[in-house]
Amino acid sequence: MSEIVVAARDLTRDYRTGRSRVRALRGVSIAVPDGDFLAVTGPSGSGKSTLLHLLGGVDTPTSGEVVFLGRDLAGMSVEERAALRLEQVGLVFQRFHLLPMLTALENVELPLAAARVPRKLRRARAAAVLERVALADRLHHRPGELSGGQCQRVAIARALANEPALVLADEPTGELDRATSRQVLALFQSLNADGTTLVVATHDLELAAGAKRMIEVVDGRTIP
Amino acid sequence: MLALNSIREFRTRPLRTLLTLAGVAVTTAMLADMLMLGRGITRSFGELLESRGYELRLTPKGTLPFDTEATVPGFATLRDSVESVAGVERVAPVLAASVTVETSDDSGRSVEALALGMDSGDQGLYRLTEGETPRPGEVLTDADVRGSLGVEPGSAVRLRPAGATGAWGRRTTARVSGTGEFVFASRGDLQVVMRLDDLQALSSQEDRVSFAMIRIGEGFEPDSVRAAILARNDRVEIVTLAGISERLDARLSYFRQTALILATVSLVVATLLVGTLTAVSVSERLGLIAALRAVGLSRRRIVGGLAAESVVLCSIGGAIGVALSVVVAGYLESILSDFPGLPVAVRFFVVSADSLVTAFALLLVSGTVAGLIPALNATRLEVASMLHKEAP
Ligand SMILES: Nc1ncnc2c1ncn2[C@@H]1O[C@H](COP(=O)(O)OP(=O)(O)OP(=O)(O)O)[C@@H](O)[C@H]1O
Ligand SMILES: [Mg+2]
């Protein structure tokens with residue numbers, strides 16, 4: 001736990017919907033060191049997703065700054081941030097968001113292909129990552145032929161494919177049953193033990209309890 | 001890989017895919033056919049005229065050859081005057097008149113035919129397929145006349161002006177000299193050829209012709225020879241090949257405008273079809289698109305993957321459409337060639353590689369653009385907002 005992967009200082013984020021304005025975050029500061037496993041909890045609508053999006057450069061803050069691996073995200077264009085995410089941020093969504101007609105292997109290859117990893121190498125790497133999430137026997141299955149837990153493991157493998165500095169997971173167990181959620185937690189813990197830095201937004205207290213660290217967001221503010 | 005996904009998804013929605021393919025194919029076929037129609041008529045007619053070697057046509061004022069029954073009187077004098085113009089090498093007059101041809105035995109078979117009176121076969125109005133060009137007292141028939149009457153080269157037939165009945169009208173007996181194919185005949189026309197003198201006598205049109213073809217000498221400009229002839233004769237019209245093409249063009253502009261409008265409509269329909277389909281499948285996948293952008297795929301990659309769908313649909317649908325257009329062109333050709341007053345040798349649909357390629361390319365370009373627009377729109381949205389909207 002030495003280097004800081006991402007540090008956020010005094011983040012606010014306003015959303016404008018029609019005439020009204022919503023302040024989703026009201027001054028959040030946070031630092032995620034290398035090797036961290038941080039759970040972000042809090043009630044619905046409190047700003048967890050917003051925080052994750054800002055940390056990963058998916059969204060830009062209304063004020064405050066995000067420094068990712070020493071680079072201030074404020075100075076980067078949309079496509080520069082996309083390139084940074086592709087290489088350095090792994091994203092896991094509640095609804096998996098896998099391409100339905102691609103196999104598990106092809107889905108994991110996707111970000112590698114986007115990062116221009118040569119075909120042979122990306123095949124091998126995708127297969128290795130799928131093996132890491134215990135799906136070595138499902139390489140050629142499509143999402144429709146996999147269970148929810150297996151789909152989420154494919155999505156986690158996709159997030160890991162480019163060996164990112166940070167994995168952001170937003171409600172990763174939101175669509176899964178208890179037993180499957182536990183498998184996902186176990187996988188996160190095992191990945192973290194191998195050095196993966198994780199930030200997970202969740203309502204799932206069991207998942208949060210399994211993290212190294214936990215913060216709670218309430219009404220756009222963190223409470224320690 | 002996104003493209004691969006889009007293409008594989010065709011199989012999960014076979015009905016939608018097939019309907020779109022059918023729509024694209026039909027509109028491409030329509031587009032290609034209309035392009036062929038637009039260009040075909042003038043092109044084939046131009047080729048027909050240019051292969052003949054007579055650069056000018058002399059006609060009664062205000063008409064085209066075969067246009068009306070009007071004739072030019074006093075041709076012998078006219079001919080002398082035309083032939084004396086510098087540059088005129090040869091004048092080949094033609095008289096057209098309706099005649100009744102009947103067998104000379106008592107079988108009583110008879111047909112009505114258009115008789116062309118001319119003194120040589122080199123004007124290119126017909127192609128000899130059997131026998132010889134007619135000499136005085138002879139007649140050459142087309143295959144239809146020959147078939148209907150059951151005559152052969154060497155048989156005798158009786159001729160009289162069409163409409164003349166009883167024993168009082170003029171009539172003559174002629175020997176069948178051969179069979180020919182008539183280039184400018186409309187479908188269903190029956191035609192025969194006789195010597196000019198014979199037909200003038202038979203139809204009581206001594207010294208009259210319907211038109212004459214004029215060959216000009218080397219080194220002379222058709223336009224200046226035309227002007228020189230007109231300067232001496234104001235009873236006639238002289239048209240150049242270019243002029244005929246132009247007039248024909250003007251007359252066929254109805255076809256070309258219709259063809260142009262229909263072609264445009266086809267293209268618009270295809271574009272809307274592909275655009276709608278892409279818009280639907282893009283909006284079905286907004287969540288996925290947001291996620292992939294969050295993952296870090298570039299806009300270009302995502303747009304490319306989404307547009308691939310429309311490119312593939314247009315390529316396959318377009319290829320089927322191009323094949324279909326050739327079949328449809330053949331069918332429409334058979335209907336349209338019965339259009340009255342146009343020679344059968346004029347083809348409405350000239351199936352040409354460039355029409356097919358143009359149709360295909362137009363479709364592909366507009367289909368791709370139609371597919372690109374919804375894809376571009378989708379990737380222009382803010383990723384975080386899209387994820388928020390798609391969140392459960
Ligand atoms: N793109 C957006 N446009 C408008 N309002 C937004 C947008 N994103 C978030 N918000 C609003 O900001 C607030 C925080 O939203 P956020 O999604 O971060 O909450 P959350 O803690 O992730 O909630 P949940 O637990 O339901 O996922 C909410 O009031 C939400 O409606
Ligand atoms: Mg959320």
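List of remarks:
- Here B:L292, B:L297, B:L288 are screened, and the one residue that is within 14 Å of chain A (Cβ to nearest Cβ), in a loop (DSSP other than H, G, I, E, B) and closer than 28 Å to A:Q94 by Cα is B:L297.
- Residue in the stretch A:182-202 that is surrounded by fewer than 22 Cβ atoms within 10 Å (Cβ to Cβ) and within 16 Å of ligand 1 (Cβ to nearest atom) present: no
- Restricting the search to strands (runs of 3 or more DSSP E) fully inside the stretch B:111-165 and requiring at least 1 residues that are touching a residue at least 60 places away in the same chain (Cβ under 8 Å) and farther than 17 Å from B:T179 by Cβ gives B:156-161.
- Scanning the stretch A:51-80 for residues that are facing chain B (nearest Cβ under 8 Å) and either away from ligand 1 (no atom under 16 Å from the Cβ) or in contact (Cβ under 8 Å) with a residue 60 or more places away in the chain (or both) yields A:G56, A:E79.
- Scanning the stretch B:355-392 for residues that are polar (S, T, N, Q) and within 12 Å of chain A (Cβ to nearest Cβ) yields B:T379, B:S385.
- Here the condition is being among the polar types (S, T, N, Q) and closer than 20 Å to B:V369 by Cα; of B:S253, B:S266, it holds for B:S266 alone.
- Scanning the stretch B:304-323 for residues that are among the hydrophobic types (A, V, I, L, M, F, W, C) and surrounded by fewer than 22 Cβ atoms within 10 Å (Cβ to Cβ) yields B:A308, B:V311, B:V312, B:I316, B:A319, B:I320, B:V322, B:A323.
- Residue check for A:P111: surrounded by fewer than 24 Cβ atoms within 10 Å (Cβ to Cβ) and within 11 Å of chain B (Cβ to nearest Cβ): no
- The C-beta contact set for the stretch B:212-224 (first residue of a type in the set (V, I, T), second residue assigned to a helix (DSSP H, G or I), distance under 8 angstrom, 6+ apart or interchain) comprises B:I214/B:V82; B:I214/B:V225; B:I214/B:I229; B:I216/B:P222; B:I216/B:V225.
- Qualifying residue in the stretch B:231-239 (condition: within 31 Å of the chain's Cα centre (by Cα), modelled with pLDDT of 85 or more and of a type in the set (D, E)): yes
- Exactly one residue among A:R13, A:R71, A:R9 is farther than 28 Å from A:E206 by Cα and within 16 Å of ligand 2 (Cβ to nearest atom), and that residue is A:R13.
- Summed over the stretch A:17-50, residues that are touching a residue at least 24 places away in the same chain (Cβ under 8 Å), near ligand 1 (Cβ under 7 Å from one of its atoms) and either under 18 Å from A:S63 (Cβ atoms) or in contact with a His (Cβ under 8 Å, 6 or more places away or on another chain) (or both) total 5.
- Filter result for B:I7 (in the same structural domain as B:A361 (by TED's automatic domain parsing) and either crowded, with 19+ Cβ neighbours inside 10 Å or modelled with pLDDT under 70 (or both)): no
Matching residues to (1) without any contact (Cβ under 8 Å) to a residue 40 or more places away in the chain; (2) touching a Pro at 6+ places or on another chain (Cβ under 8 Å); (3) assigned to a helix (DSSP H, G or I); (4) hydrophobic (A, V, I, L, M, F, W, C):
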position: B:T278; (1), (2), (3), (4): no, yes, yes, no
position: B:S310; (1), (2), (3), (4): no, no, yes, no
position: B:S385; (1), (2), (3), (4): yes, no, yes, no
position: B:P392; (1), (2), (3), (4): yes, no, no, no
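- Which listed residue, of A:V117, A:V154, A:V133, is surrounded by 24 or more Cβ atoms within 10 Å (Cβ to Cβ), within 14 Å of another protein chain (Cβ to nearest Cβ) and among the β-branched types (V, I, T): A:V154
- Filter result (within 16 Å of ligand 2 (Cβ to nearest atom) and more than 14 Å from chain B (Cβ to nearest Cβ)) within the stretch A:31-48: A:L38, A:A39, A:V40, A:T41, A:G42, A:P43
- Restricting the first member to the stretch A:84-104 and to residues that are facing chain B (nearest Cβ under 8 Å) and under 20 Å from B:R299 (Cα atoms), and the second to residues that are buried (at least 24 other Cβ atoms within 10 Å of the Cβ) and charged (D, E, K, R), the beta-carbon pairs closer than 7 Å and six or more apart or on different chains are A:F93/A:D170.
- Residue check, B:T42 assigned to a helix (DSSP H, G or I), modelled with pLDDT of 90 or more and hydroxyl-bearing (S, T, Y): no
The values are calculated or read from the model by the stated rules, or taken from the named source; none is laboratory data. Just so it is clear, the model here is predicted, and its values are computed rather than measured. We place every Cβ from the backbone using ideal geometry, glycine too, and count neighbours over all the protein chains shown.
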